[in-house]
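The values are calculated or read from the model by the stated rules, or taken from the named source; none is laboratory data. Just so it is clear, the structure is predicted and the values come from calculations on it, not from any experiment. Cβ: placed from backbone, ideal geometry, glycine included. Neighbour counts: every protein chain shown.
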Amino acid sequence: MLAFILARDTPPYLYRQTERSLLSVLPGIKIIVISTVQGGDCGEQINNALAASGEDWFLTFIAGEIVKPALAGQLEHWLRTVHSDTAGAVLDDASGSPSSFLPEASVPRGPVLWRKEAVWSGHFPGFPTRSECPFDQYLFIDKQHQVSQKWKWRPLREELLIPSPLPPPPWLKEPETRKWILPLLLANDHDDETVGHDSHRQPPRISIVISSYNDGAYLPWSVRSVLAQSFSEWELILVDDGSTDDTAQIIQRLSGITSRIRGLTLPENRGKSHALNQALREARGEWVLELDADDWLAPGCCAELLEGAEAMPDAAVVWAQHVQWQERANKQLVLRSVSRQAPVMSPKIC
């Protein structure tokens, strides 16, 4: 069986501590350390290893965790009695509620044991790559939620792990980051089947437009935030503004998720204004929301913006606060600040 240790950019002694304790409990296990020290993509590393493996099950750990001897017996019993509709095992607290799903710990942990077949299910098979979820610390809980829509999880009620002794550094602003990111990760995708919306017959209230010029790597996360909207009466127009990267291929793939997403390819790059004007000719919504390729929406964004618009019938433009993130050299996103906008825009200022 494979075991992955999510080390990211933590000190080496932490994953070595987990490695030693795991080998003492399961001596024959193959361990793969997942690191971002040299700019590695955690999801991609795990997916590549799983694709090359013939194992049906695998384990995941966080660097610094210590594995208790009881895990071996629990694992053997669990695999003998598992049902075919079960995706894996999560740790439970003493009350019997799955603490690994939304724990009080500084970073949500996610499952311990996974069924490989379940991980490859859904719109985004495998673990999310950085373009699909740029927050590596939530890699496991993100995939757990995706899998939970079609699979069940079984609890492990014994105390099998000792958590890592090292909390996230203060500059990562983990509590604030969790506040902004977890609601998006734990939102359900609202595609045609889940909301019963026919994009070809009923005009949407909001047309969301994303114009991309060589920003293909950012599109999956941005589009995912649109799919997670609590408001369902939207369409999404993805404009390839003459890109020379793989934007066209990415838009083609994302357009296949739901009929409410349409791609528009421009033969040459003539700037963002031109691209948006082309999208406006295709838009069928009452309102237009322009979203940059490297930005994303909170799950309630469309609903709140439309509520604000309906409260002011004469309004022509609606806007809101935004959260600023800093992208480090290793592509890690760090929370910077929340910008708050004035409640009313004066025509004289415009």
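Given the structure, is residue 233 touching a helix residue (DSSP H, G or I) at 6+ places or on another chain (Cβ under 9 Å) and of a type in the set (Asp, Glu)?
Here the answer is yes, as residue 233 does meet what is asked.
Determine which member of the set 244, 265 is part of a loop (DSSP other than H, G, I, E, B) and of a type in the set (Val, Ile, Thr).
The unique qualifying residue is 244.
Might you let me know whether segment 143-151 holds any residue that is modelled with pLDDT of 90 or more and outside any helix (DSSP H, G or I)?
Yes, segment 143-151 has at least one match.
Give segment 1-46 a look and list any residue that's under 15 Å from residue 113 (Cβ atoms) and assigned to a helix (DSSP H, G or I), or say none.
Answer for segment 1-46, where residues must be under 15 Å from residue 113 (Cβ atoms) and assigned to a helix (DSSP H, G or I): 22, 25, 46.
So, in segment 286-319, exactly how many residues are of a type outside the set (Asp, Glu), exposed (fewer than 13 other Cβ atoms within 10 Å of the Cβ) and within 22 Å of residue 179 (Cβ to Cβ)?
Of the residues in segment 286-319, 1 are of a type outside the set (Asp, Glu), exposed (fewer than 13 other Cβ atoms within 10 Å of the Cβ) and within 22 Å of residue 179 (Cβ to Cβ).
Is one or more of the residues making up segment 42-55 over 21 Å from residue 125 (Cβ atoms) and surrounded by 14 or more Cβ atoms within 10 Å (Cβ to Cβ)?
No; the residues of segment 42-55 include none that is over 21 Å from residue 125 (Cβ atoms) and surrounded by 14 or more Cβ atoms within 10 Å (Cβ to Cβ).
Name the single residue that is farthest from residue 35 (Cα to Cα) among those in segment 119-140 being out of contact with any Asp or Glu (no Cβ under 9 Å at 6 or more places or on another chain) and surrounded by 21 or more Cβ atoms within 10 Å (Cβ to Cβ).
My answer is 119.
Quick check: is even one residue across segment 181-202 under 23 Å from the mean Cα position of the chain (by Cα), surrounded by fewer than 18 Cβ atoms within 10 Å (Cβ to Cβ), at pLDDT below 95 and under 23 Å from residue 325 (Cα atoms)?
Checking segment 181-202: at least one residue is under 23 Å from the mean Cα position of the chain (by Cα), surrounded by fewer than 18 Cβ atoms within 10 Å (Cβ to Cβ), at pLDDT below 95 and under 23 Å from residue 325 (Cα atoms).
With respect to residue 130, is the statement that it is charged (D, E, K, R), part of a strand (DSSP E or B) and modelled with pLDDT of 85 or more true?
No, not satisfied.
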